[in-house]
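J.: Dropping the structure in here first, questions after.
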Amino acid sequence: MPDAERSALWRRRLHEAEAGLTRYLVSLGDQPQLAEWFALQGEIFADLPDGAAPSAQWQRLFFRGQALMERFLVRHYGEQVLAAWAASNAEVHRTVEPDLGRGAADPIHRIARQAELYGSDYEFDDAQPPGPRHAALTITHCAIWDYREQARRSGVTITLASPCTYCTHALSANIRAKGFRPAHRLLSGPTGHGCHWEASAEEEADETTGAP
């Protein structure tokens, strides 16, 4: 992925998260927290890179922002609201993520591109190549874990014990926002932490599960 494309995806991810959290707070009508949220926004966007900055700078900005927003939500509302925040972010994602016309392959390729941002190892399902009705991939080594530990050692406060606590909600919500049914399972083995993701057309998912 070219560096300019990486920067653009980091910016889009930050936009989805920040706009999604604003949207979620509006839904709560929780006015007393607004002053703190405004201050937090200022902290998130401190030292904002310019548009031509290397992607590594946008990556640091995104990671700092994500960590700050997680801490804000968990401190005020608890981990149980992370799924609702992810769903709110996904509504922003529905609008800003381009529809490339590949059906189920679109959200799966977005997951692959996010994995690539961190240098994760992943592979598409060879048995069923990504298509309009079903697509799948496996992240064999999730480098988000590596990046989080590096950030923790450098003094960044990490609220969640596992990145999967939020990430599984977020990716599932994004797949649903694009009109497909998500499925995932977490993996752990010699290559470290990983996960398997699928996106299926609703009719196909119903045939597979036997659901009405």
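The values are calculated or read from the model by the stated rules, or taken from the named source; none is laboratory data. These numbers come from a predicted model, not from an experiment. Note: ideal-geometry Cβ built from the backbone for every residue, glycine included; neighbour counts use all protein chains shown. To get the accessible areas, we keep the full protein, side chains included, count just its heavy atoms, and leave off ligands, DNA and RNA. Shrake-Rupley method; radii C 1.70, N 1.55, O 1.52, S 1.80 Å.
J.: Exactly one of these conditions fails for residue 168: (1) touching a residue at least 40 places away in the same chain (Cβ under 8 Å); (2) buried (at least 17 other Cβ atoms within 10 Å of the Cβ). Give me its number.
T.: Of (1) touching a residue at least 40 places away in the same chain (Cβ under 8 Å); (2) buried (at least 17 other Cβ atoms within 10 Å of the Cβ), only one is false for residue 168: (1).
J.: Considering (1) assigned to a helix (DSSP H, G or I); (2) within 29 Å of residue 26 (Cβ to Cβ), say which one residue 156 fails and leave the rest.
T.: For residue 156, the failing item is (1).
J.: Now for a separate question. Could you say which residue among 63, 72 is crowded, with 16+ Cβ neighbours inside 10 Å, within 12 Å of the chain's Cα centre (by Cα) and over 30 Å from residue 201 (Cα atoms)?
T.: Going through 63, 72 in turn, the sole match is 63.
J.: Please determine, by comparing only the residues of segment 28-46 that are of a type in the set (Asp, Glu) and assigned to a helix (DSSP H, G or I), which one is farthest from the chain's Cα centre (by Cα).
T.: 36
J.: Something else now. Do we have any residue at all in segment 4-27 that's part of a loop (DSSP other than H, G, I, E, B) and out of contact with any Gly (no Cβ under 6 Å at 6 or more places or on another chain)?
T.: No, there is no match, as no residue in segment 4-27 is part of a loop (DSSP other than H, G, I, E, B) and out of contact with any Gly (no Cβ under 6 Å at 6 or more places or on another chain).
J.: Going through 152, 148 one at a time, which residue ends up being open to solvent by less than 20 Å² (accessible area, probe 1.4 Å) and basic (Lys, Arg)? Before the answer, list the steps.
T.: Details: 152 fails: open to solvent by less than 20 Å² (accessible area, probe 1.4 Å).
Matching residue, one of 152, 148: 148.
J.: From 53, 39, 46, grab the single residue that is out of contact with any helix residue (DSSP H, G or I) (no Cβ under 9 Å at 6 or more places or on another chain), at pLDDT below 95 and exposed (fewer than 15 other Cβ atoms within 10 Å of the Cβ).
T.: 39
J.: Under the condition of being in a loop (DSSP other than H, G, I, E, B) and among the aliphatic types (A, V, I, L, M), which residue from segment 85-123 is farthest from the chain's Cα centre (by Cα)?
T.: Here is the first cut: in segment 85-123, the ones in a loop (DSSP other than H, G, I, E, B) are 97-104, 119-120.
Add one more test, that the residue is among the aliphatic types (A, V, I, L, M), and what stays is 100, 104.
Working: 100: 19, 104: 17 Å.
Among those that are in a loop (DSSP other than H, G, I, E, B) and among the aliphatic types (A, V, I, L, M), it is 100.
J.: Also, I was wondering about something else. Is there a residue being outside the structural domain of residue 87 (by the TED database), closer than 24 Å to residue 1 by Cα and surrounded by fewer than 16 Cβ atoms within 10 Å (Cβ to Cβ) anywhere in segment 175-186?
T.: So in segment 175-186, the residues outside the structural domain of residue 87 (by the TED database) come out as 175-186.
Going one step further and asking which of them are closer than 24 Å to residue 1 by Cα, we end up with 175, 178.
Next, only the ones that are surrounded by fewer than 16 Cβ atoms within 10 Å (Cβ to Cβ) stay: none.
Within segment 175-186 (the criterion being outside the structural domain of residue 87 (by the TED database), closer than 24 Å to residue 1 by Cα and surrounded by fewer than 16 Cβ atoms within 10 Å (Cβ to Cβ)), the answer is no, since none of the residues qualifies.
J.: Another one. Show the residue pairs that are 6+ apart or on different chains and have beta-carbon atoms under 6 Å apart, the first residue being within segment 60-78 and under 14 Å from residue 16 (Cα atoms), the second being of a type in the set (Phe, Trp, Tyr) and assigned to a helix (DSSP H, G or I).
T.: Final answer for the pair search is 62/10.
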